[in-house]
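The values are calculated or read from the model by the stated rules, or taken from the named source; none is laboratory data. Please read all numbers here as calculations on a predicted model, not as lab measurements. Counting neighbours? That spans all protein chains shown, and the Cβs are built from the backbone with ideal geometry, glycine included.
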Amino acid sequence: MTPPIKIIIKLIEDNIGDIIAIQDLLRGNGLYELECFVEPGPFLASINSDIDLVITDLRIDNYNALETIRDIHDTYPGIRIIVISAAFTPLIYEQLIWYRVDGVVKKDGAYWTDRLMEWLDHLAPNIIERKKLIAS
């Protein structure tokens, strides 16, 4: 019997409240395996080909999210990326399109995690299919 498929997620976020909100969102959902980081160094060192999805905040001290997104796409093109932030501008949206992110969630109010879950639900079938193809 093959083990159940898990979607491996790495989260880089410096707001502990937002980390807890995402952990609560995924708690009890056996499909997702979440590892959280508040510091860029350990997060960047953890990136590898086994990861399915990165969720990244845009504004973290000593961290360039756009550069990281570019590097992930260049090195691990199969990793999907969702960007979360409270501070989007038209220029940032344009850059995120240019950098080919898979989802964008504005942290504005109590329901932003619902929008994040919508993105996860949207991306999950494609990620699962990719994992099945790689495993076969």
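Could you count how many residues in region 1-14 are outside any strand (DSSP E or B) and within 15 Å of the chain's Cα centre (by Cα)? Selection size over region 1-14: 3.
Within region 78-136, the set of residues being more than 20 Å from Glu33 (Cβ to Cβ) and basic (Lys, Arg) comprises Arg100, Lys106, Lys107, Arg115. In the set (1) modelled with pLDDT of 95 or more; (2) assigned to a helix (DSSP H, G or I), Ile82 fails one condition alone, (2). When Arg59 is tested against (1) out of contact with any His (no Cβ under 9 Å at 6 or more places or on another chain); (2) of a type outside the set (Asp, Glu); (3) surrounded by 15 or more Cβ atoms within 10 Å (Cβ to Cβ), just one condition goes unmet, and that condition is (3).
Among the residues of region 99-115, those identified as farther than 22 Å from Arg70 by Cβ and either among the charged types (D, E, K, R) or not in a loop (DSSP other than H, G, I, E, B) (or both) are Lys107, Asp108, Trp112, Thr113, Asp114, Arg115.
Checking the structure you have, find out if any residue of region 77-85 is free of Cβ contacts under 8 Å to residues at least 40 places away in the same chain, under 26 Å from Asp108 (Cα atoms), over 13 Å from the mean Cα position of the chain (by Cα) and surrounded by 15 or more Cβ atoms within 10 Å (Cβ to Cβ). The answer is no; no qualifying residue exists. Of everything in region 18-69, what is touching a residue at least 60 places away in the same chain (Cβ under 8 Å), out of contact with any Lys or Arg (no Cβ under 6 Å at 6 or more places or on another chain) and part of a strand (DSSP E or B)? Give them in sequence order. Tyr32, Ile55, listed by residue number.
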